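The values are calculated or read from the model by the stated rules, or taken from the named source; none is laboratory data. In this text the structure is predicted, and so the values were computed from the model without any measurement. Neighbour counts are summed over all protein chains in view; Cβ atoms, including those assigned to glycine, are modelled from backbone coordinates with ideal geometry. Keep in mind that these areas ignore ligands, DNA and RNA; they rest on the heavy atoms of the full protein, side chains included. Shrake-Rupley method; radii C 1.70, N 1.55, O 1.52, S 1.80 Å.
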Amino acid sequence: MIKRTEQHIIDTLAVRRVMSVLPANWLLRSLEDRDYGIDAKIELFNGHDPTGNFFLIQIKGQEKPFSSTSPKKSIPTKTIEYALLFDVPFFVFLNSNESQKTKFVWLQRYVELVLNQENPNWRSKKSVTIKFPEINDLVDNKQKIEMCVRTEALRAFGLRFLGDYHWLELCHKESMQPPDLENMLLSVKRMLKLPEIFFDEYKVSFAVDDSIHEFDLTEMHAQLEMAVGGCFTSQFRTFIEHQVMHLDDIRTSFLTRNDADDFLLAHGGDENIPY
C-alpha cells in the first residue's frame, strides 16, 4: 500500500506533468487550496479572446503505467459530493507518471449518467471506482473537454431561454393584441441578449424555399416593435407564427439533449460517451 507521503509525491509529479501539456488556449486561473480538492481553475480562450467558460480539475497520479486502455481509479465519495456543489464542469485527471499519459472524466456527468444508474447507493460508501474512457486522453482529445465545457455553459443560457419562451408562448396563445404584443416584445428582447452560439447549437434547420420560414429573432423583434406601435405588415401574423414554431423547436431540442446523451451512451460507442 502506498504511503500518504509517497502518494503526495506521485500526485505532485502528476500535477507538473499535466500543467506542462495544457493547450495554449487554456488559461490557468488558479492553483490554490490543493488540499481541499481543486488543483486548477481554467478558462478557455478562443485565440486571444476569452470565452468566459471555466472548468475545474483535480489531478490524481499513479506511478505505474495504465494496466488497460480504460483505467480505473478509486475516488473518495466526499470528492464526488464536493464536485456536485459546482455549477461549472469538474474534471478528474488521472495521470500515469511512467507512461506519461493522462485520462480524464467529467465527474458531474459521470455521476448523472453512470453512478446514479449503476450504483444508486454510492453515497453510502467511502470511495467509488471511476472508469476513465479510453478516448478521454488529455493530449489526443482535449477538444472533448472543450466541447463538454461549452455544452454546460450553453445549458445555463438554455434555462434563461426557457423562462423567456414560456412567457412568450403564453402571450402568443392569447389575442396577440396589446398588452400581449408588448409582453412578447419584452420576451424577445431578453432572448436577444443570449449569445448567438446558443441558438446555433439548438435551432433546427428546415429545407424550405420561402424566407418567411427562416429563423430570425432580430426581425421578429423589429416586427413586434412595429406592431406594438400600431404598424402591421401584411405577413405579420404568419411570420410570428413561424418564428414561434422555430423557438418551440429550439426549446424541444434543448430539453431532449440529455435524452440524446443517454441514447449515445447506450448505442453510440466509446467515441460518443458524453462525459
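Things worth noting here:
- Cβ-defined net charge surrounding Phe91, 12 Å radius [Lys, Arg +1; Asp, Glu -1]: +3
- C-alpha long axis of helix 217-228 to longest principal axis of the chain, angle in °: 40 degrees
- Among the chymotrypsin sites (Phe, Trp or Tyr not before Pro) found in the range 211-252, those both in a DSSP coil and sparsely packed, with 12 or fewer other Cβ atoms within 10 Å of their Cβ, are Phe232.
- Carbon plus sulfur fraction of accessible area for the range 162-257, probe 1.4 Å, in percent: 51 percent
- Under DSSP loop assignment and at most 11 Cβ neighbours within 10 Å, longest GluC sites (Glu not before Pro)-free interval of the chain: 99-275
- [x] 126; [y] 183; [z] 165, with the label sought being that of the calculated volume of the Cα convex hull per residue in Å³: [z]
- GNM top mover of Thr233, Thr77, Thr218 - the chain, alpha-carbon springs below 10 Å: Thr233
- Cα shape, the range 33-74, gyration tensor, a/c 1.5 rule: oblate
- A DSSP coil position with no more than 14 other Cβ atoms inside 10 Å describes none of the trypsin sites (Lys or Arg not before Pro) in the range 17-102.
- Gyration tensor (alpha-carbon) shape descriptor, the range 129-252, a/c threshold 1.5: prolate
- Within the shell of other residues whose beta carbon sits under 15 angstrom from the beta carbon of Ala227, the net charge comes to -4, with Lys and Arg scored +1 and Asp and Glu -1.
- The accessible surface of the range 1-146, taken with every protein chain in place and a 1.4 Å probe, is 49 percent carbon and sulfur.
- Normalised by residue count, the range 33-181 yields a Cα convex hull volume of 177 Å³ per residue.
- Beta bridges by DSSP in the chain, antiparallel share as percent, to the nearest 5: 75 percent
- Cα-based helix-to-principal-axis angle, 257-267 vs the chain, degrees rounded to 10: 50 degrees
- Taking every DSSP helix (H) stretch of at least 4 residues in the chain, weighting each as -39,500 (n - 2.57) and dividing the sum by the residue count yields a mean residue ellipticity at 222 nm of -14000 deg cm²/dmol.
- When the pairs Lys72/Lys126; Lys72/Lys103; Lys41/Lys142; Lys73/Lys125; Lys64/Lys103; Lys103/Lys126 are compared against a 18 Å limit on Cα-Cα distance, Lys103/Lys126 fall above it.
- Axis of helix 236-255 versus longest Cα principal axis of the chain: the two differ by about 20°, to the nearest ten degrees.
- Average accessible area per residue (Å²) across the chain - probe 1.4 Å, nucleic acids and ligands excluded: 55 Å²
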